[in-house]
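Please treat every number below as a calculation from the coordinates, not as lab data. Given the structure is predicted, the values throughout are model-derived calculations rather than measurements. In this analysis, Cβ positions are derived from the backbone assuming ideal geometry, glycine residues included, and neighbour counts consider all displayed protein chains.
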Amino acid sequence: MSQYELMIDTQGRGVVEISQQVNALINQTAQLCHIFVAHTSASLIITGKQDPDLLLDIEQYFQSHVADANPDYRHNGEGDFDMSGHIRSILTGAAKTIPVMHKKLALGDYQGLYLYEHRDGHNTRKLIITLI
């Protein structure tokens, strides 16, 4: 087993594909890769990477269903996106476990692994990568 920290800079709400960065850490003996994002307002998603409209549609869905600045939210100490970011993270998840084949994540041909940032502004997110 081996572990790594991977720091990813984000530039506001949206996704950053991290498949290549994670693949660069995978060693010859790894069979599983566990990725955990150590933040409450960022998450991990696996989705299609061929059509950029897919990612826009995902964000549009969340804008419609988990709106910022909902007056019913009590937790808003860091801004209008604060509680909506936490809800988005809960819904999409903070961790993924992916099989490894041929020294890379065994994702489908059209899949990518993404860090999904749920806050505005610049953030640096820490991911913990565990290879087994």
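Rounded to the nearest 20 debye, the dipole size of the chain about its Cα centre is 600 debye, using +1 on the Cβ of Lys and Arg and -1 on the Cβ of Asp and Glu. Count Lys and Arg as plus one, Asp and Glu as minus one, and take only other residues whose Cβ is under 12 Å from that of Phe81; the net charge is then -3. Shown here for region 3-88: trypsin sites (Lys or Arg not before Pro) in loop regions (DSSP other than H, G, I, E, B) with at most 10 other Cβ atoms within 10 Å, namely Arg74. Seen against the Cα atoms of the chain and their longest principal axis, helix 52-65 is set at about 40 degrees. Note on the chain: helix-only mean residue ellipticity at 222 nm, from DSSP H runs of 4+ residues weighted -39500 (n - 2.57) and normalised by residue number, equals -6500 deg cm²/dmol. Mean sequence separation of contacting Cα pairs (under 8 Å, at least six apart), scaled by the length of the chain, corresponds to a relative contact order of 56 percent. Simple rule: put +1 on each Lys or Arg Cβ and -1 on each Asp or Glu Cβ in the chain, find the dipole, and look at Tyr73, Gln63, Ile129; the Cα lying farthest toward the positive end is Ile129. Could you tell me how many degrees, from 0 to 90 and to the nearest 10, lie between the Cα long axis of helix 82-92 and the main elongation axis, the longest principal axis, of the Cα atoms of the chain? The angle comes out near 40 degrees. The candidate values are (1) 13, 43, 35, 9, 1; (2) 12, 42, 31, 12, 2, 0; (3) 9, 25, 17, 10, 8, 7, 8, 7, 7, 2; the one derived from this structure for P(r) over Cα pairs in 10 Å bins from 0, in percent carries the label (2).
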